[in-house]
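The values are calculated or read from the model by the stated rules, or taken from the named source; none is laboratory data. Model, not experiment: these values are computed from the prediction. Backbone-built Cβ (ideal geometry, glycine too); neighbour counts: all protein chains shown.
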Amino acid sequence: MVQLENEYGSYGMDHTYLRALLDIYHQEEVNAFIFTSDGDDMSMLNGGTLPDVFKVVNFGSQATRNFQHLREVQPEGPLMCGEFWNGWFDHWGEAHHVRTADDTAQALEEILAQGGSVNFYMFHGGTNFNFYNGANHDKVYQPTVTSYDYHCLLSENGDMTPKYEACKAVLKAHGFPTDMLEVHNQPTCAYGKLRLSQSAPLFSHLDEIVTKRLSCPRVLPMEKVGQNFGFILYRTTLKGPFQSRPLKLREVHDRALVFFDGQYQGVIERDQPSDTIQVAVERGQTLTLDILVENMGRVNYGPELYDYKGITEAVLLGIQEVHDWQIMCLPLDDLSRLQYEDRLYLEGPCFYKGELEVEKAQDTFVYLDHFHKGNVFINGFNLGRYFERGPQRSLYLPGPLLKPGKNTIEIFELHGTDLAEIECRDVADLG
């Protein structure tokens, strides 16, 4: 089966577009069963379907009602739930989403009792490694956490859950062969605490980590300078005199750290008030303004898909636009040139480095109780983001990323730390 678009009816109704996609599939001789997959609202089903293409409907409960909606646009043929939402994903700053095994099993029972077919979303969610998490936008920007555990049938590290067993029992009761569903949980390891011994402050090591520099009269978003992910640094020199006035970032995507002459001043976040930082420069004086912006994940659903990153419009002092910028790209896709120092700087932004020695490589979970926000790298691989805002409190470290012996752990921390120490435990904490 090959899906035509993805829940297109949620935000579009251009059937000419859908027909053009179908024509492309036929022209390219896609030899598969083609179908559409949309939400359970009638406007979604009408907007995202074609008369001659098989349709499925997506939902997490109320199968009877939702299959009735499907029958209104598809009077005959099999009933199928294309995405059975048995859990949900988390955004930073929200509570961890949990759905009980009993509630999930009851919803599955209702689907099967109607003769419906089902595709579990998710059966196994996995992890948004690197900078690859997405985001939503519902009046405000909502970046997704690193874990895509989804509270589904298999945990992030692939273990069976009570929900797995409950759904398996329902399937067995309906005559499905379940012997093939036997899996075995893999052992995890608590490697313990690790003190990081080296550091490299960002601003004194820029030459080792910046991949591109350019001078521009106005700020530009990441994409305009050939960058996709990571961080981007904007730098300019302000010349006095001018009295105190607010620093405003128009359409910052997504989170900016502001520095005056290397000194941290505060954070400006997307969809939040941006005039809380005041700037003043005396006559005859200058001030170096640095703005470090993090791309926290692109909106991947709905009308905000055109999600440029960085400062996407302008920087203002009061109502005056600031010009003459140096722009530096920090994709952080290669840390091998960093020259670490044998001392610990506790103020951020800063890179930290240590070695984790293991006898046997096994899955583990990294806890960063003394850190605030940043990314963890294992043997050069970007595990993803951590953020004290939660709900996620640990990062999944798959055993295959480790090797017997010494393993390099690097952390890019934005706000500094009171203790450069992490801990590897054998259980996850997703909130």
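In segment 380-402, is there at least one residue being of a type outside the set (Phe, Trp, Tyr), touching a helix residue (DSSP H, G or I) at 6+ places or on another chain (Cβ under 7 Å) and either assigned to a loop (DSSP other than H, G, I, E, B) or assigned by TED's automatic domain parsing to the domain that holds SER147 (or both)?
no
I'm trying to understand the selection: among the residues of segment 264-306, which are in contact with a strand residue (DSSP E or B) (Cβ under 8 Å, 6 or more places away or on another chain), charged (D, E, K, R) and loosely packed, with under 15 Cβ neighbours inside 10 Å?
ASP271, ASP275
Name the residue, out of GLY431, GLY416, that is in a loop (DSSP other than H, G, I, E, B) and touching a Leu at 6+ places or on another chain (Cβ under 8 Å).
One residue alone meets the criteria, GLY416.
Considering GLY318, GLY374, which residue is in contact with a Pro (Cβ under 9 Å, 6 or more places away or on another chain), at pLDDT below 95, outside the structural domain of GLY93 (by TED's automatic domain parsing) and farther than 30 Å from TYR8 by Cβ?
After applying the criteria, what remains is GLY318.
When residues of segment 356-379 are filtered for being part of a strand (DSSP E or B), touching a residue at least 60 places away in the same chain (Cβ under 8 Å) and either touching a helix residue (DSSP H, G or I) at 6+ places or on another chain (Cβ under 6 Å) or among the charged types (D, E, K, R) (or both), how many remain?
1
Answer yes if at least one residue in segment 159-169 is modelled with pLDDT under 95 and part of a loop (DSSP other than H, G, I, E, B), and no otherwise.
no
Table: residues versus (1) of a type in the set (Ser, Thr, Tyr); (2) outside the structural domain of VAL145 (by TED's automatic domain parsing); (3) in contact (Cβ under 8 Å) with a residue 60 or more places away in the chain; (4) under 19 Å from ASN133 (Cβ atoms).
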{"residue": "PHE229", "(1), (2), (3), (4)": "no, yes, yes, yes"}
{"residue": "LEU238", "(1), (2), (3), (4)": "no, yes, yes, no"}
{"residue": "LEU249", "(1), (2), (3), (4)": "no, yes, yes, no"}
{"residue": "GLU282", "(1), (2), (3), (4)": "no, yes, no, no"}
{"residue": "ASP307", "(1), (2), (3), (4)": "no, yes, yes, yes"}
{"residue": "ILE311", "(1), (2), (3), (4)": "no, yes, yes, no"}
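Restricting attention to segment 136-189, and to residues there that are in contact with a helix residue (DSSP H, G or I) (Cβ under 7 Å, 6 or more places away or on another chain), in contact (Cβ under 8 Å) with a residue 12 or more places away in the chain and of a type outside the set (A, V, I, L, M, F, W, C), which single residue is surrounded by the most Cβ atoms within 10 Å (Cβ to Cβ)?
Per the criteria, the residue is LYS163.
Just to be sure, is SER43 of a type in the set (S, T, N, Q), out of contact with any helix residue (DSSP H, G or I) (no Cβ under 6 Å at 6 or more places or on another chain), surrounded by fewer than 18 Cβ atoms within 10 Å (Cβ to Cβ) and closer than 20 Å to ASN136 by Cβ?
It is true that SER43 is of a type in the set (S, T, N, Q), out of contact with any helix residue (DSSP H, G or I) (no Cβ under 6 Å at 6 or more places or on another chain), surrounded by fewer than 18 Cβ atoms within 10 Å (Cβ to Cβ) and closer than 20 Å to ASN136 by Cβ.
State whether one or more residues within segment 120-133 are crowded, with 22+ Cβ neighbours inside 10 Å, of a type in the set (Phe, Trp, Tyr) and closer than 23 Å to GLY399 by Cβ.
If we filter segment 120-133 for residues that are crowded, with 22+ Cβ neighbours inside 10 Å, which is where we start, we get 131, 133.
Now drop any that are not of a type in the set (Phe, Trp, Tyr), which leaves 131.
So of that shortlist, the ones also closer than 23 Å to GLY399 by Cβ come out as 131.
The answer is yes; a qualifying residue exists.
Just need a number here: residues in segment 131-158 that are part of a strand (DSSP E or B) and either over 13 Å from TYR301 (Cβ atoms) or modelled with pLDDT of 95 or more (or both).
10
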